[in-house]
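The values are calculated or read from the model by the stated rules, or taken from the named source; none is laboratory data. Fair warning: this is a prediction, and the values are worked out from it, not measured in the lab. Cβ placement follows ideal geometry from the backbone for every residue including glycine, while neighbour counts extend to all protein chains displayed. Just so you know, the surface numbers come from the protein's heavy atoms only, side chains and all, with ligands and any DNA or RNA stripped out. Shrake-Rupley method; radii C 1.70, N 1.55, O 1.52, S 1.80 Å.
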Amino acid sequence: MTGNSDKVRSLILTALMVFSVFAGTVAFSGGAAAVGNVSIEQAVEYTADDGDTPTVELALDQGTDSSIDNTDITLYVDGNENPDNYQSDDLSVTADGQDGRIVFELPQDVEPNRNLTVKVDDGDDSIVAEDIDVTSQTFTTTAPVDGSAYSGDNNVFRGEVIAVEDTDADTEDGPSITVEEDDGGVVTSDAYTDNSEVYVVETGDLDTGESYNVSVDGEKQESFTLSDLNLQVNIDDDVGDGANIDDTDTLAVNVSTNRGGEPANATLFNEDDEKVETQVKNLQANNNVVFNFGSVSDDDSPYYVEVTDNQTGITSESDQINVSESDEGDVSFAPSTVQDEVGDVANITVQMSNTEDAVLNIGSTNDDNYAIQGQLEDEDGDGEVTVQFNSYTAGTNSDNTVLSVAGDDDVDVILEEGGFTESRGGLSDDTLEAGSYSINVTAGTTTSDDLSSSESFDADAVGTLRLSENSVENMRIWAAPSDADIDDDDVDVYDRIGENLTQSDNIAAEDVVVHEIQASGIEGALEHEQEDNTDVSDVTDAFIAATDTTPDRINDGDATDSGLRLYVNRTDVGANADANPVDFSDGASQSAVTVVDDADNNTYFVAVDTSDVVFTDGNNPDTISEEEDTRINATFTIREGALSDDKTSVSGLYRTSERNADLNLDDDGFVTVSAAAGQEVGGTTNVAPGSELEVEMESENDANPFVIRPETDVGPNGTYTATADFSDYSAGTNFTVETLDVDGDTDFSDEEDGRIVEAETATVSVSDQESDGSEVVVDSAQLSDGGFIVIHDGSLLEGEVAGSVVGNSEYLEAGSHEDVTITLDEPMDENFTAIAMPHLDTNGNEAYDFPDADGPYTENGSAVTASANVTVSAEPPETETEPPETETEPPETETEPPETETEPMDTETEATTTAAEGPGFTAAIALIALIAAALLAVRRDN
């Protein structure tokens with residue numbers, strides 16, 4: 001069903017065309033000829049009972065005197081007479097009108113969003129059916145089978161027009177039709193029009209979410225459930241400039257629906273309801289589709305946009321969009337002074353107000369012997385365009401890209417002239433000199449055909465581009481894991497530092513070595529390759545294409561236009577021999593390179609997978625050995641030439657060595673663990689920090705078999721610690737241990753012997769107490785292996801592990817301890833819950849090092865804890881406490897009974913996690929303690 005306004009417009013157009021051609025003929029009436037005295041009672045377009053044939057039915061008040069054929073019928077679709085696919089010759093008449101019904105088949109369906117008019121004439125007489133009901137679905141009735149004619153439920157969107165076809169209706173006396181809600185409420189009770197087989201059901205006034213039943217002559221035939229297409233047309237500042245704009249702004253709307261994949265028409269109308277422009281796009285389910293009409297005249301304001309879903313004919317309309325005359329356009333630079341190095345790409349940002357167009361000039365043919373002019377367009381409407389000026393390609397007379405823009409904006413080079421442009425033969429010739437170049441910008445467009453006019457250009461804003469000499473500053477060497485994805489767009493290369501990128505000049509064979517090159521003046525060469533070289537797809541390809549990496553003693557003449565060079569040479573080749581270089585331009589070594597650029601900071605990360613490196617030694621290529629150390633010198637150079645008058649270079653030295661790992665052993669030469677959860681097995685390795693290893697532990701006891709392979713990451717200092725659960729295995733069990741490499745290589749470390757010993761045990765008890773907030777007294781503790789008593793506050797219950805520690809004891813020897821006073825790190829000024837937790841001294845240094853070491857004692861996988869409520873009270877002022885000092889003795893004797901009364905409480909608070917005893921100790925604390933132990937284990941793994 002089309003919207004009312006659209007239908008009115010189409011009707012007017014159709015009426016003008018029909019009645020201008022057939023002047024004097026009145027619709028639904030005529031003379032005494034073939035169709036004389038006949039009128040149309042109903043007209044509808046639907047799909048016939050075969051389910052595939054678009055059909056038009058005209059129900060007449062009486063039969064025609066003679067038969068109607070296709071030559072008597074004219075179709076108007078949206079006011080267009082017999083458009084393509086709707087020619088009279090394409091129509092097939094199946095009912096000729098003599099029985100009161102004209103029916104003809106169409107070669108193509110008319111979508112519900114179209115306006116359809118039919119004219120039937122014979123000689124001087126005619127009848128016209130205007131604004132025919134174009135339906136989107138057809139329900140065809142059937143004869144009852146086994147007592148029922150019901151054919152099932154259908155989904156209908158609110159606003160659709162449905163045809164209910166009864167092929168016997170024209171032979172009956174107007175059969176009845178009923179549409180009723182599922183609960184029995186009647187919506188429609190009517191009868192078919194005489195001489196018609198189709199009844200039209202409008203759903204626009206029905207309720208979304210309801211189910212409706214359709215019955216003909218009392219027999220239920222169909223049912224349908226009404227859904228909301230939720231077609232919305234929104235004026236969105238993100239895609240256009242809003243509902244109140246000027247004639248330079250972008251008029252755009254967002255269209256959304258909950259059913260996608262179907263086309264929709266979006267038509268822009270002016271204040272006189274005249275069509276300005278129509279666009280057709282496929283809608284997307286629950287996603288916005290943008291219809292952008294660009295800038296429009298303020299003369300025809302206000303405007304609105306009407307969107308029609310073509311399949312259903314459902315229409316939605318935007319709010320009014322007001323367009324005013326724009327103020328005079330204004331442009332400026334931000335900033336007005338741009339600084340960069342010769343050979344780099346300078347970013348010149350032009351800010352625009354009340355305009356989407358501007359003309360930019362860089363340089364001066366008089367002062368600089370070089371100038372370039374570009375026409376800018378702010379296509380994304382954000383009020384600015386950032387122009388990228390490539391100082392490496394400048395002056396090549398448009399043979400290469402000099403001006404470009406990021407995003408959806410646009411720039412066209414109008415002219416590039418000057419003595420420098422005329423003399424520069426190609427990219428291997430000298431680039432622009434270092435110095436200051438004028439820049440200016442003017443709002444609007446240009447038709448200039450000569451840059452000499454820019455010398456007296458009436459600019460809106462002026463600025464300066466300063467190009468300084470380029471340089472090669474530094475090279476740093478980093479190590480990354482063998483499986484590192486250095487160019488992953490989801491992870492910034494700087495975020496890798498400290499995670500899986502570590503500065504080191506000792507690289508394990510097969511790891512990735514990253515050369516961090518700090519050099520200015522090379523961005524333009526890489527940008528040129530990406531813009532103008534069709535064989536280049538990314539910055540890695542661009543770097544290989546722009547940089548000479550071919551060994552000079554193989555082909556000394558093979559140098560790139562830019563003069564960039566990267567040589568990676570093996571230097572440990574002995575006396576009186578040339579260094580063996582790597583050829584990155586061919587073979588396996590080419591695939592070994594990945595480049596990540598940070599051009600804004602003149603930094604380029606060149607990562608090389610050492611497992612793919614091939615050194616060139618005449619006809620005897622060699623690879624990095626896994627068994628022997630290899631010493632390497634990497635040198636990056638800007639040669640004398642296009643980018644520099646002098647050769648500048650920087651080098652980095654490093655070596656590769658065999659991958660290895662050594663497990664930590666106790667004084668007896670064993671890997672010793674306890675029969676408990678959270679047991680740590682670790683070691684040291686030379687592979688890159690961030691590498692993921694496995695520690696494999698396999699039982700040697702047939703009666704107690706197991707294979708455990710916990711994963712662990714190598715830390716920044718080359719150490720690794722894997723955590724495993726041995727609580728299900730018996731003390732006295734022996735096992736073997738070895739570290740597996742990233743790829744599961746079992747030769748990565750030596751196999752060592754391991755053993756399971758009795759688990760460390762601990763108990764702790766603490767009572768509710770009153771304190772000045774500076775200390776907590778623990779009643780008793782039993783530590784099988786010595787260690788510390790740590791006090792956590794209540795934040796431990798919220799998952800804070802290290803952050804909940806508020807104090808710890810000195811080192812306590814193995815055995816029993818009573819009345820352990822623990823001074824808090826910071827005094828508490830309000831009441832709090834103290835959670836006492838015994839910790840081991842895992843590194844044996846008698847210093848509390850949690851969370852890096854010294855984890856808690858555990859029982860059944862949970863940390864051993866006890867808790868108490870601590871009431872913080874302020875100390876009495878000193879001036880008040882001095883006089884009563886002599887009188888304090890009697891109260892001392894009175895305080896003794898409460899001390900004896902606290903002893904039963906002491907025994908009640910002695911607890912482990914499994915016992916869950918003690919004042920203030922609940923099942924929740926036991927659960928959180930388990931979480932805390934798990935969090936600790938995870939942190940150690942990482």
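Residues in the range 318-457 average 42 Å² of solvent-accessible surface per residue, probe 1.4 Å, ligands and nucleic acids excluded. Distance between the pseudo-spin-label points of N37 and S651 (7 Å out from Cα toward the beta carbon): 11.4 nm. Extension gain, Q87 to S189: 0.36 nm times the residue separation minus the Cα-Cα distance gives 32.9 nm. When only the Cβ of Lys, Arg, Asp and Glu is charged (+1, +1, -1, -1), the dipole of the range 571-719 relative to its Cα centre reaches about 500 debye. The Rg/Rh ratio of the range 460-525, with Rg taken over Cα atoms and Rh as the Kirkwood radius over Cα pairs, comes to 1.17. Legend: P(r) of the range 297-340 from all alpha carbon pair distances, 10 Å bins from 0, whole percents, reading 20, 24, 20, 18, 14, 5. One chain, two ends: S176 and D69. Fully extended at 0.36 nm per residue, the span grows by 35.4 nm beyond their Cα-Cα distance. When the solvent-accessible area of the range 689-762 is split by element, carbon and sulfur atoms take up 35 percent of it, the probe being 1.4 Å.
Computing FRET efficiency as 1/(1 + (r/R0)^6) for S537 and E202, where r is the C-beta to C-beta distance and R0 is 35 Å, gives about 0.05.
You can think of it this way: the chain between E384 and E433 has 14.8 nm of extra reach, that is 0.36 nm per residue less the Cα-Cα gap. The modelled label-to-label distance for the pair E698/D745, using points 7 Å beyond Cα in the direction of Cβ, is 1.9 nm. With the simple spin-label model, which puts each label point 7 Å out from Cα in the Cβ direction, the D852 to D131 separation comes to 8.4 nm. Solvent-accessible surface of the range 671-816, taken per residue with a 1.4 Å probe and all protein chains present: 40 Å².
Of all aspartates and glutamates in the structure, those lying under 13 Å Cα to Cα from K647, and not within fewer than 8 positions of it along the same chain, are E469, E473.
The alpha carbons of the range 765-850 give a radius of gyration and a Dmax of 12.5, 36 Å, in that order. Using the Cβ-Cβ distance between F670 and D485 with R0 = 41 Å, the FRET efficiency computed as 1/(1 + (r/R0)^6) comes to roughly 0.60.
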